[in-house]
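**Student:** Following this message is one structure expressed as structure tokens.
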Amino acid sequence: MRVQYQLEKCEKDTKARLGKVITNYGTYETPMFMPVGTQATVKTLSPEEVKEVKAGIILSNTYHLWLRPGEDIVAKSGGLHQFMNWNGPILTDSGGFQVFSLAKPKDITEEGVCFKNHLNGDRLLLTPEKSIEIQNKLDSDIAMSFDECPPASASYDYMKASVERTLRWAERGKKVHSNPRQALFGIIQGGAYQDLREYSAKETVKLDFDGYSIGGVANDHESKEDMYKAIDYAIPFIPEDKCRYLMGVGEPEDLIEGVIRGIDIFDCVLPTRLARHGHAFTKYGKINLKNAKYKEDFTPIEEHCDCYACKHYTKSYIKHLINASETFGARLLSIHNIRFLIRMTEEMREAIKKDSLLEYRDQFMENYYGKN
RNA sequence: GCGGAAUUGGUGAAGUGGUUAACACGCUGGAUUGUGGCUCCAGUAUGCAUGGGUUCGAUCCCCAUAUUUCGCC
């Protein structure tokens, strides 16, 4: 069976939706936040801990698993779920983001993208067909189309050419997609240019994917206004009965603004990266555990948080672990930060049920950015 | 007691008779949005043991004192 999306309810005053994603590895409710496990592991967490923070689905990465250990080894082990001992749903990114983060413009051709293997210097060519073939073998529940993720600052002409190429790549990838258990999502690009986003959305939808995502946002110092516009331009063209995924977004307020605009799922490295650098999300704003003021703070990160870190450990202790570069500190903060974002999605689901999402947003923002 | 060597910020230390005393760590902040990320950025000695002297000018040269250290009795 292929992943299915079930729309349960639309909020009265916004475009927010309550839904369900049904997969062979379980069903989860949307809106949902996906922790990122690029190299077949959510950095520092065990699968049991990922379950415990109530992650409905995780994201992994085609490019990185292609280079190491190689998709054939993952396939041989019984697929990505088996390989990493995660029996929940998995979405794999296509390597499109690595076009943005690792490749130079001159490496991008109609055929695909030339990468220099960062592990051994080999020249590699990733094509739309290759990306889908790798994802088929990884056997994730949701595969992503291979796209170009252009910088938000790209010129109109560049963006237009890129959008068109990404559409051709989407079609090529769809043609070779052959895993009957795996869904395939299309990616809408176009930056903050209204006509390009609309064009990309319409044309991508014509190709008929199992779900749609909005990509190319929140990169290259893009303003929040531009990001929200990009969502607003694309959403009206996505069929209601398909899951909508905003790629790479994970600041608390962006989750809320995304949901209000009709987004169902998100992924982001932020909670785990911030954790490794000593930061924690809290209801009253982001805090930096490295700050001297937490030296003797023997209270949890958040008093009423239900995560493992907050139930058992103090800021003082976690600060000490971070200062001493002990990995347990990064692990505790990762658990907390992911749980924080997932709890936000839980709260938003409740708010959607009660048609009170705008009130939720206002209250959240007042707490998060107000005076402590 | 005698002779030698050393003394630079929180630490380990470069360094020069002349504009802002290198670097590293630590410390203090900040960044971070489909992870090439235990990463990156910034700030952090009004002073070179103390007191004199030489010099236009001394952390750098000279003298004394203190402390540390090595050797000898």
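**Student:** On C-alpha positions alone, give me the angle between the axis of helix A:357-369 and the longest principal axis of chain A, in degrees, nearest 10.
**Tutor:** The answer is roughly 60 degrees.
**Student:** Here is a further query. To the nearest Å, what is the center-to-center distance of the range A:1-76 and the range A:169-244, using C-alpha atoms only?
**Tutor:** Spelled out, the Cα-based centre of one part sits 18 Å from the other.
**Student:** Still on this model: Quick one: length gained pulling A:Thr27 to A:Arg181 fully straight, 0.36 nm per residue minus the C-alpha distance?
**Tutor:** 54.0 nm
**Student:** List the residues, sorted by chain then number, that are 5 or more residues from A:Ile187 or on another chain and whose placed amide H is less than 5 Å from its amide H.
**Tutor:** A:Ser145, A:Ser213
**Student:** In the range A:295-346, what is the volume of the convex hull around the alpha carbon atoms, normalised per residue and reported in Å³?
**Tutor:** Expressed per residue, the convex hull around the Cα atoms of the range A:295-346 is 61 Å³.
**Student:** Taking Rh as the Kirkwood radius computed over C-alpha pairs, what is the Stokes-Einstein D of the range A:211-268 at 25 °C in a medium of viscosity 0.890 mPa s, expressed in µm² per second?
**Tutor:** The Stokes-Einstein estimate is 219 µm²/s.
**Student:** If one takes the longest principal axis of the Cα atoms in chain A, at what angle in degrees, from 0 to 90 and to the nearest 10, does the Cα axis of helix A:194-206 lie?
**Tutor:** That works out to roughly 70 degrees.
**Student:** Would you look at the GNM of chain A, springs on alpha carbons closer than 10 Å, and say which of A:Gly70, A:Gly26, A:Gly121 moves the most?
**Tutor:** A:Gly121
**Student:** Let me ask you something else. Which is farthest toward the positive dipole end of chain A among A:Ile301, A:Ser153, A:Gly190, measuring Cα position about the Cα centre, with Cβ charges +1 (Lys, Arg) and -1 (Asp, Glu)?
**Tutor:** About the Cα centre, the residue reaching furthest to the positive side is A:Ile301.
**Student:** Compute the normalised compactness of the range A:269-372: alpha-carbon radius of gyration over 2.2 N^0.38 Å, N being the residue count.
**Tutor:** Normalised Cα radius of gyration, the range A:269-372: 1.11.
**Student:** Right, another one. What angle, in degrees between 0 and 90 and rounded to the nearest 10, separates the Cα long axis of helix A:128-138 from the longest principal axis of the Cα atoms of chain A?
**Tutor:** Taking Cα atoms only, the helix is inclined about 50 degrees.
**Student:** Quick one: divide the alpha-carbon radius of gyration of the range A:252-304 by 2.2 N^0.38 Å and tell me what you get.
**Tutor:** The range A:252-304 yields a ratio of 1.39.
**Student:** Give, as ranges by residue number, the residues of the range A:46-84 whose backbone N falls under 19 Å from the point 7 Å along Cα→Cβ of A:Asn117.
**Tutor:** Output list for this probe position: A:61-76.
**Student:** Please identify, among A:Thr30, A:Thr38, A:Thr14, the residue showing maximal mean-square fluctuation in a Gaussian network model of chain A using a 10 angstrom Cα cutoff.
**Tutor:** Its mean-square fluctuation being the largest, the pick is A:Thr14.
**Student:** What's the FRET efficiency of A:Lys202 with A:Asn87 using the Cβ-Cβ distance as r and R₀ = 45 Å, to the nearest 0.05?
**Tutor:** For A:Lys202 and A:Asn87, the calculated efficiency is 0.75.
**Student:** Then there's this: For chain A, what is the charge dipole size about the Cα centre, in debye to the nearest 20, if Lys and Arg each add +1 at the Cβ and Asp and Glu each add -1 at the Cβ?
**Tutor:** Working: 50 positive and 54 negative charges, 154 e Å.
Taking the Cα centre of chain A as origin, the dipole is about 740 debye.
**Student:** In the range A:315-355, which GluC sites (Glu not before Pro) fall in coil by DSSP and have 15 or fewer other Cβ atoms within 10 Å?
**Tutor:** In loop regions of the range A:315-355 (DSSP not H, G, I, E or B), the sparsely surrounded GluC sites (Glu not before Pro) are A:Glu326.
**Student:** Take the Cα radius of gyration of the range A:163-212 and divide it by 2.2 N^0.38 Å, with N its residue count; two decimals is plenty.
**Tutor:** On the way: Rg = 11.2 Å, N = 50, 2.2 N^0.38 = 9.7 Å.
So the Cα radius of gyration is 1.15 times the expected 2.2 N^0.38 Å.
**Student:** If r is the Cβ-Cβ distance from A:Asn367 to A:Lys9 and R0 is 25 Å, what FRET efficiency results, to the nearest 0.05?
**Tutor:** 0.45
**Student:** Return the FRET efficiency for the residue pair A:Ser223, A:Ser77: r is the Cβ-Cβ distance, R0 is 41 Å, and the value is rounded to the nearest 0.05.
**Tutor:** Result of the calculation: an efficiency of 0.40.
**Student:** Ok, one more. I want to verify the translational diffusion coefficient of chain A in µm²/s; compute it with Stokes-Einstein, Rh as the Kirkwood radius over Cα pairs, at 37 °C and 0.692 mPa s. Working shown, then result.
**Tutor:** Details: Rh = 20.9 Å.
For the chosen part, D equals 157 µm²/s.
**Student:** Let me ask something additional. Which order, highest average first, do A:327-336, A:215-224 follow once you tally other Cβ atoms within 10 Å for each residue and take the mean per peptide?
**Tutor:** The peptides rank, most packed first, as A:327-336, A:215-224.
**Student:** Quick check on my link table: of A:Lys116/A:Lys283; A:Lys104/A:Lys202; A:Lys76/A:Lys353, which ones sit more than 32 Å apart, alpha carbon to alpha carbon?
**Tutor:** Table pairs above 32 Å Cα-Cα are A:Lys116/A:Lys283; A:Lys76/A:Lys353.
No lab work stands behind these numbers, since they all come straight from the coordinates. Here the structure is a predicted model, which is why all the values come from computation and not from measurement. Ideal geometry is used to build each Cβ from the backbone, glycine not excepted, and the neighbour counts take in all protein chains shown.
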